[in-house]
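Just below is one structure, and these are the notes that go with it.
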Amino acid sequence: MELKVVKQDDKTLVLEVPGETVTITNVLRGELWEDRNVREAAQIKEHPYLAEPKVFVKTSRGKPQTALNKAADRIIKQTEEFAVELKKALKK
């Protein structure tokens, strides 16, 4: 997966996720809202067939890159926990 920074400054970041669906940007957006330093988080999809999905993040404190990294780490942890619980459930 190759990511593309579309816009970036001290407090905002727009990140394009080529070749993916809005599923991944939706998960990121949701997890970004769990960070109290995030002022705004959104997924952007201009055209369903022609545009690549993007995620927008604006922070009140700290860098948006840090917020995205932390959100990604939390998603990874949740996914790992889900995998463990799924394996347990399927053994029953």
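What follows draws every value from the coordinates through simple rules; no lab data is involved. Remember, it's a predicted structure, so these values are computed and weren't measured experimentally. Quick reminder, even Gly has a Cβ in these numbers, built from the backbone with ideal geometry, and neighbours come from all protein chains shown.
In segment 1-27, which residues are within 14 Å of ALA71 (Cβ to Cβ) and part of a helix (DSSP H, G or I)? First the steps, then the outcome.
Just the residues of segment 1-27 that are within 14 Å of ALA71 (Cβ to Cβ), to begin with: 3, 13, 15, 17, 24-27.
Matches in segment 1-27: ILE24, THR25, ASN26, VAL27.
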### Task
Residues being surrounded by 14 or more Cβ atoms within 10 Å (Cβ to Cβ) and of a type in the set (Ser, Thr, Tyr): count how many of those fall in segment 12-34.
2
### Message
Can you pull out every residue in segment 28-69 that is in a loop (DSSP other than H, G, I, E, B) and acidic (Asp, Glu)?
### Response
GLU34, ASP35, GLU46, GLU52
#### Entry: Scope segment 35-74; condition small (Gly, Ala, Ser), buried (at least 17 other Cβ atoms within 10 Å of the Cβ) and without any contact (Cβ under 8 Å) to a residue 40 or more places away in the chain; matching residues
ALA41, ALA67
### Query
Quick check: is even one residue across segment 3-11 under 23 Å from THR79 (Cβ atoms) and surrounded by 15 or more Cβ atoms within 10 Å (Cβ to Cβ)?
no
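Just to be sure before I move on: is VAL14 under 13 Å from LYS58 (Cα atoms), in contact (Cβ under 8 Å) with a residue 40 or more places away in the chain and among the hydrophobic types (A, V, I, L, M, F, W, C) in the structure I sent?
Spelling it out, VAL14 is indeed under 13 Å from LYS58 (Cα atoms), in contact (Cβ under 8 Å) with a residue 40 or more places away in the chain and among the hydrophobic types (A, V, I, L, M, F, W, C).
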